[in-house]
Amino acid sequence: MGGVTAYVSAFELFSIGVGPSSSHTVGPMRAARDFADRLRAGGTLERVARVSCVLYGSLGATGIGHGTPDAIVAGLADLAPETVDPAAVRERWSGWQDGDTLELAGSHPVMFVRKDITFEPFTRLPGHPNAMTLSARDAAGALLASDTYYSIGGGFIRREGEDAHAHDHVYPIQYRSADTLLTLAGELGLSIAGIARLNEESRRSRAEVDAQLDAIWSAMTGCIDAGLHATGLLPGLLQVRRRAGAIREQLEGEAGTGTALPGDWLGTFALAVNEENASGGRVVTAPTNGAAGILPAVARYWAEFVCDADDPREGMREFLLTATALGSLFKANASISGAEGGCQAEVGSACAMAAGGLTAVMGGTPQQVENAAEIAMEHHLGLTCDPVGGLVQIPCIERNAIAASTAVTAARLALRGDGSHYVSLDTVVETMRQTGIDMSTKYKETSEGGLAVNVVEC
Ligand code: SF4
């Protein structure tokens, strides 16, 4: 039905992991863990004496600021982003004492030194700008295994030589464009969330889908609360001070005075998530870590200031499923990776997903949902990725707050119309893809241009 599918499960698009980056932390950790798993499955684990890793392109350029080597060492030791205590990842490599033993795959001791991870920022492999090659050798130095992985955004990975679609689930409702999605919604008499739900329920029972969506929301809102109650400086050279906790105190102090507006809370929720992310905390990719604050902030804004139901959970499920159906289009037809498409691919996609989700829970039609997503994405086209110091802090944290307010504006504009509009979401997605190709690599998570070179690090 509807051609090759774009659909990506909500439980892949929104994965509970660790900060500060889905492509530079979560993806590499998954890749390293997969490599170690494959050594074990292939029967060579016991013969391995040394492992090494080369980080290419964007991973090589900004990997240290993103905690990439720490994540790789954690992954080699069989730690998973979904379940690991974030504190167990931080400084795993940067604080490594040479001579310590690494428990490869969690069970096999090998010698490891920090120089076993090397950086080649000016080498870009053809598969993707975020590339890494892991190698294992025996005691005589003979190569036992070597695999190149690409971290393709949002924590997703691809191993070179592997069929990218080999493990794809065949969903009952298939679409590759927003246009087809809207046609299907009309033919089936379903909302966009309803279509996503049918796809999810082809893999899990309704109760499991609901429980897992609730768990995602619980992790998202828990991340907001953690950020709202944290103070101090974020890790890294920039010495950026956390703001969400201080603003929360101000807003609580202004309660009842009419000066603390819902929009103030909206931005503060986003700051809270991205400050947690920057500190390497527990974060849900939405669809990436760098853009992880937008969707939770907009959803919590809806739950606290718009929703009049006693229990917002049903609406939250609709919000997440709508955002999933939309986010799948960005991933399939353009990119959700800052290293591939610039910040338009991360923050722009997240903003569009949040705008569509909010429109849906505010009673919008599928056409209005598509319109809201289109408005949100259209006004992020060309947005560059230029994190200062290679850290997901400036401009990333504040940018999430701004994009959250853009998502609300886009939803409100769309809800005031009838869903008809001039530029289609499909056109904007294709424009984002083309703009990403045209964008200089300086602006694609390499910290070689923009704010990253104009802001003097102290
Ligand atoms: S500038 Fe945007 S894409 Fe780049 S790291 Fe920050 S949030 Fe991610």
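So, in segment 243-291, of the ones that are of a type in the set (S, T, N, Q) and more than 14 Å from the ligand (Cβ to nearest atom), which residue ends up surrounded by the most Cβ atoms within 10 Å (Cβ to Cβ)?
T268
Give L55, L45 a once-over and let me know the one that is under 20 Å from E448 (Cα atoms) and at pLDDT 95 or above. Lay out the reasoning, then the answer.
Details: L45 fails: under 20 Å from E448 (Cα atoms).
Criteria check complete, one pass: L55.
Given the structure, is L213 in contact with a Lys or Arg (Cβ under 8 Å, 6 or more places away or on another chain), more than 16 Å from the ligand (Cβ to nearest atom) and either free of Cβ contacts under 8 Å to residues at least 40 places away in the same chain or on the phi > 0 side of the Ramachandran plot (or both)?
no
Evaluate segment 244-265: report whether one residue or more is under 21 Å from the mean Cα position of the chain (by Cα), free of Cβ contacts under 8 Å to residues at least 40 places away in the same chain and under 27 Å from R412 (Cβ atoms).
yes
Any idea which of (1) under 15 Å from the mean Cα position of the chain (by Cα); (2) more than 25 Å from G436 (Cα to Cα); (3) more than 16 Å from the ligand (Cβ to nearest atom) is the one A297 doesn't satisfy?
Status for A297: all satisfied but (3).
Do you know which residues across segment 128-156 are of a type in the set (A, V, I, L, M) and at pLDDT 95 or above?
Matches in segment 128-156: A131, M132, L134, A136, A139, A140, A142, L143, L144, A145.
Given (1) modelled with pLDDT of 95 or more; (2) within 30 Å of G356 (Cα to Cα); (3) of a type in the set (D, E), where does D168 come up short, assuming only one miss?
D168 satisfies every listed condition except (1).
Which of the residues belonging to segment 348-366 are in a helix (DSSP H, G or I) and more than 16 Å from the ligand (Cβ to nearest atom)?
Hits for segment 348-366 are A355, G356, G357, L358, T359, A360, V361, P366.
Would you point out which residue out of H128, H108 is touching a residue at least 60 places away in the same chain (Cβ under 8 Å) and over 18 Å from P28 (Cβ atoms)?
When all the criteria are applied, what remains is H108.
Regarding segment 14-22, can at least one residue be identified that is of a type in the set (A, V, I, L, M, F, W, C) and farther than 20 Å from W96 by Cβ?
yes
Quick one: how many residues across segment 230-270 are farther than 28 Å from G390 by Cβ and aromatic (F, W, Y)?
Residues flagged as farther than 28 Å from G390 by Cβ and aromatic (F, W, Y) within segment 230-270 amount to 1.
Filter segment 66-95 down to residues that are free of Cβ contacts under 8 Å to residues at least 24 places away in the same chain and touching an Asp or Glu at 6+ places or on another chain (Cβ under 9 Å) and give me whichever is farthest from E445 (Cα to Cα).
G95
Mind listing just one residue for me: the one in segment 323-347 that is of a type outside the set (A, V, I, L, M, F, W, C) and more than 9 Å from the ligand (Cβ to nearest atom) and, of those, nearest to L59 (Cα to Cα)?
E340
Which ones in segment 153-193 are part of a helix (DSSP H, G or I) and either at positive phi or touching a residue at least 40 places away in the same chain (Cβ under 8 Å) (or both)?
Kept after step one, since they are part of a helix (DSSP H, G or I), are these residues of segment 153-193: 178-188, 192-193.
Scanning segment 153-193 gives A178, D179, T180, L181, L182, T183, L184, A185, G186, I192, A193.
In segment 66-100, what count of residues is obtained for those that are over 20 Å from the mean Cα position of the chain (by Cα), within 22 Å of R40 (Cβ to Cβ) and not aliphatic (A, V, I, L, M)?
The qualifying residues number 4.
When the residues of segment 367-389 are filtered to those that are within 11 Å of the ligand (Cβ to nearest atom) and either outside the structural domain of T427 (by TED's automatic domain parsing) or crowded, with 23+ Cβ neighbours inside 10 Å (or both), which remaining residue is farthest from the chain's Cα centre (by Cα)?
V388
Out of (1) touching a residue at least 60 places away in the same chain (Cβ under 8 Å); (2) out of contact with any Leu (no Cβ under 6 Å at 6 or more places or on another chain), what's the single condition that is false for A376?
(1)
What helices (runs of 4 or more DSSP H) lie completely within segment 1-69 and have 1 or more residues being polar (S, T, N, Q)? Explain how you work it out, then say what you get.
On the way: elements: 10-13, 27-41, 57-66.
Here the list reads 57-66.
Based on what the data block shows, is A332 out of contact with any Leu (no Cβ under 6 Å at 6 or more places or on another chain) and in contact (Cβ under 8 Å) with a residue 12 or more places away in the chain?
In short, yes.
The values are calculated or read from the model by the stated rules, or taken from the named source; none is laboratory data. Computed from a prediction, not measured in an experiment: that's the story for all the values here. All Cβ positions, even for glycine, are placed from backbone atoms using ideal geometry, and neighbour counts span all protein chains on display.
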